[in-house]
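S.K.: Here's a structure for you.
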Amino acid sequence: MIFATGKAAWAAKLLVLGTLGVGACNEMYGDVMGDGGVTAEMLVGAGGDHANWISHGRTYDEQRFSPLDQVNAENVGELDLAWYADMDTARGQEATPLVMDGKLYLTTAWSKVKAFDAATGKPLWDYDPEVPGETGVKVCCDVVNRGLAAWGNSLFLGTLDGRLVSLDRDTGEVQWEVVTVDQSMAYSITGAPRVIDGKVIIGNGGAEFGVRGYVAAYDAADGSELWRFYTVPDGNEGGESPQYLQDAAETWNTEVLRSSDSIGGGGTVWDSMAYDPELDLLYFGVGNGSPWNQAYRSPGEDGTGEGDNLYLSSIVAIRPDTGEYVWHYQTTPGETWDYTATQHIILADMEVDGEKRKVLMQAPKNGFFYVLDRETGEFISAEEYIPQNWAERIDESGRPIFNPEARIDKTGQPALVMPGPLGGHNWHPMAYHPGEGLVYIPAFEAASVYAPEENWKPDVARGFNVGFNLGAGDLPPDLGIRKEVYGTVKGKLMAWDPVAQEARWVVEHAGPWNGGLLATGGGLVFQGNSSSEFAAYNAGSGEKLWSFGAQTGVVAPPMTYTVNGEQYVAVLAGWGGAYAITADGHLVNDQGPVRNISRLLVFKLGGEAELPEMRELVNLPLDPPPSRASAEEIALGKEKYARYCAVCHAPAAVGSTVLPDLRRSGTLGNARSWEAVVHEGILKDNGMVSFADSLSKEEVQAIRAYVIARANEDKALEEATAAEAEQVARR
Ligand code: CA
């Protein structure tokens, strides 16, 4: 039995690693790991294994710091492309590759897995779980996948349609697969599993549509479910229910949760996890409520705890062996703005007020940077990392003092709230540099209009279920106004001092939705961005030291490894994710249209590979049929478009650069073809399913009328802009 030695052996190993210090254990495992593959000791000691990258955030504390210093602030100018690999998907790429024994493993959009020789880029094997295309409408934020977990000689993958799959690391062959969700509901998996002591831990997403969130553990040997931890009550909590759920039920309107209209309460665990082997605590972040608008979920009083809706927007600590609850901290009680606490969790030890503390850090969507005691969950501090207006401040007990005007669930009135649903920081991983004592945050500033929808009813069949009018914030067709509004959406790389709770330095990006981060012992921070660039910054000062033209927006976090003693830096490029599929790709920044070219980029000092020439992005002029529908029909189409179409085809039908631009659709001029696509679902294998359960044929045609009207508005705009450009050119 591999684990017979148990935790005592781990702890001993941990102590040994701790005494070696950085550098001394540089080649602890060398480039090669041995026949047994990944063990508990290797995962606990991953910080000392500089060659490989065997777990999602590199180490259980998820610092995304590599001590490798061969590439450093002095020589990073010589960093260049060693090899690249084109992906066979053209959607958002968010994965962190794993590297073991000189082989690199990654996941791509549509939950596909690929293996390469990590030094040469030679493809080794491919695995496609064949996720049905129609799963695409069950996801809020693109058909992405963020990575794998490793244990023994197996790799574990969560698929978009909710399966957990064990693959043979040598061949990519399936060893077992289990369905972890009710596939009749809008559950999805985009996050990377983690493995603790032979247990594969995975959560799921879907809170925009309406599900009840949980995280669960499966036996790495055969996929059998070992425990399941629900994050919200189901309204029927009795004596049999675990105490933590009975306690949570006190903070909900359980009648709503029990009713036939209930859409599950939300609270999905779709991304972050971290583990402290000494305390034996697994930490995870919990998502937003279903629906967003708390007025339809659980009306309660502010400040009394009655409407807190535990464990939404919380950080929760549990025992990984049993799933037993230990503590929680709720960042946003009574969450109503999609303020998830699913963002990256980093564990570190640091001196706070003269005392050595074991802390847990998070910059959740709500705009505050939190430092907690990870042993007890005690609140230590929280300060704004971006401007926000939903809370006056976080009080000494760790509870927010709300701005009453931002509580749209109580006022019933629209309000412009900062941050909006994209948050001040989304899924993009941060990094922590222990030498600098800094957390690097891929932050952004994007406010949003939240307009409560009157007499809203959930639709369990299709579409977003948020209880707000998602069309309320649509921009007018005026290009000047659109550019101005896009200009207010900012992207920042921030170096945050978690003890002083203030920024040490900030890099302003040309646009938002920039990549995840890597910090290294070479004094560098690596980040891709929405300006189609991959860059290295001085970890201490923020000075940009190197950059590479990536041809595509980069959102995924970089990682680094060595093969035969040579250091490589890898990043999966490919624009996508929640902002990318809803924003006009031409206006994201002023650096030209950002596009998706999905490709793994791998760098080393003196690399000599070159990317192929970039294809021109051709946008044919808009050529819609004339708009002849009545104002009433167009208004109906606008309303239905906002609820059922905007999440994939962009608000106001402006068209992102990732998913089909409906203004340019070939079916726009043909009522029958449009109906075949939207009502009958003839393109379901591409992800465009039938909406017949939610939309009548008349409503489907009203949406067509609305898109035609919008296309004509934008056509007039294009012509005016072209005429103006011609005049300027003549001057
Ligand atoms: Ca959400």
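The values are calculated or read from the model by the stated rules, or taken from the named source; none is laboratory data. Remember, predicted model here, so these are calculated numbers, not experimental data. Positions of Cβ are backbone-derived with ideal geometry, glycine not excepted, and every protein chain shown enters the neighbour counts. The area values use the complete protein model at the heavy-atom level, side chains included, leaving out ligands, DNA and RNA. Shrake-Rupley method; radii C 1.70, N 1.55, O 1.52, S 1.80 Å.
S.K.: Would you mind telling me which numbered condition in (1) in the same structural domain as THR120 (by TED's automatic domain parsing); (2) open to solvent by 20 Å² or more (accessible area, probe 1.4 Å); (3) under 27 Å from GLY491 (Cβ atoms) ALA570 fails?
M.R.: Going through (1) in the same structural domain as THR120 (by TED's automatic domain parsing); (2) open to solvent by 20 Å² or more (accessible area, probe 1.4 Å); (3) under 27 Å from GLY491 (Cβ atoms) one by one, ALA570 breaks only (2).
S.K.: Out of the residues in region 253-271 that are of a type in the set (A, V, I, L, M, F, W, C) and in a helix (DSSP H, G or I), which is least open to solvent (accessible area, probe 1.4 Å)?
M.R.: Per the stated criteria, the residue is LEU257.
S.K.: The conditions are (1) farther than 25 Å from ALA556 by Cβ; (2) open to solvent by 10 Å² or more (accessible area, probe 1.4 Å), and ASP161 fails exactly one of them. Which is it?
M.R.: (1)
S.K.: Here is a check on your reading of the model: is LEU572 more than 24 Å from PRO434 (Cα to Cα), in a strand (DSSP E or B) and in contact (Cβ under 8 Å) with a residue 40 or more places away in the chain?
M.R.: yes
S.K.: Still on this structure, I have one more. How many residues are open to solvent by 20 Å² or more (accessible area, probe 1.4 Å), over 19 Å from ALA495 (Cβ atoms) and either part of a loop (DSSP other than H, G, I, E, B) or aromatic (Phe, Trp, Tyr) (or both) if we restrict to region 526-567?
M.R.: 6
S.K.: So, one more: I need a count of the residues in region 400-421 that are open to solvent by 10 Å² or more (accessible area, probe 1.4 Å), part of a loop (DSSP other than H, G, I, E, B) and closer than 23 Å to GLN501 by Cβ.
M.R.: Adding up the residues that qualify gives 2.
S.K.: Let me ask you something else. Any residue at all in region 110-128 that's open to solvent by less than 20 Å² (accessible area, probe 1.4 Å) and within 16 Å of the ligand (Cβ to nearest atom)?
M.R.: Checked against the condition, which is being open to solvent by less than 20 Å² (accessible area, probe 1.4 Å) and within 16 Å of the ligand (Cβ to nearest atom), region 110-128 yields no hits at all.
S.K.: Which residue is farthest from GLY198 (Cα to Cα), if the candidates are limited to region 272-294 and must be buried (at least 24 other Cβ atoms within 10 Å of the Cβ), in contact with a Leu (Cβ under 9 Å, 6 or more places away or on another chain) and not small (Gly, Ala, Ser)?
M.R.: Within region 272-294, the match that is farthest from GLY198 (Cα to Cα) is ASN288.
S.K.: Taking region 461-512 on its own, how many of its residues are in a strand (DSSP E or B) and open to solvent by less than 50 Å² (accessible area, probe 1.4 Å)?
M.R.: 12
S.K.: Restricting attention to region 235-252, which residues are open to solvent by less than 60 Å² (accessible area, probe 1.4 Å) and charged (D, E, K, R)?
M.R.: GLU237
S.K.: Please state which of the following conditions ASP142 fails to meet, knowing it meets all the rest: (1) crowded, with 22+ Cβ neighbours inside 10 Å; (2) touching a strand residue (DSSP E or B) at 6+ places or on another chain (Cβ under 8 Å).
M.R.: Only one criterion in (1) crowded, with 22+ Cβ neighbours inside 10 Å; (2) touching a strand residue (DSSP E or B) at 6+ places or on another chain (Cβ under 8 Å) is unmet by ASP142, namely (2).
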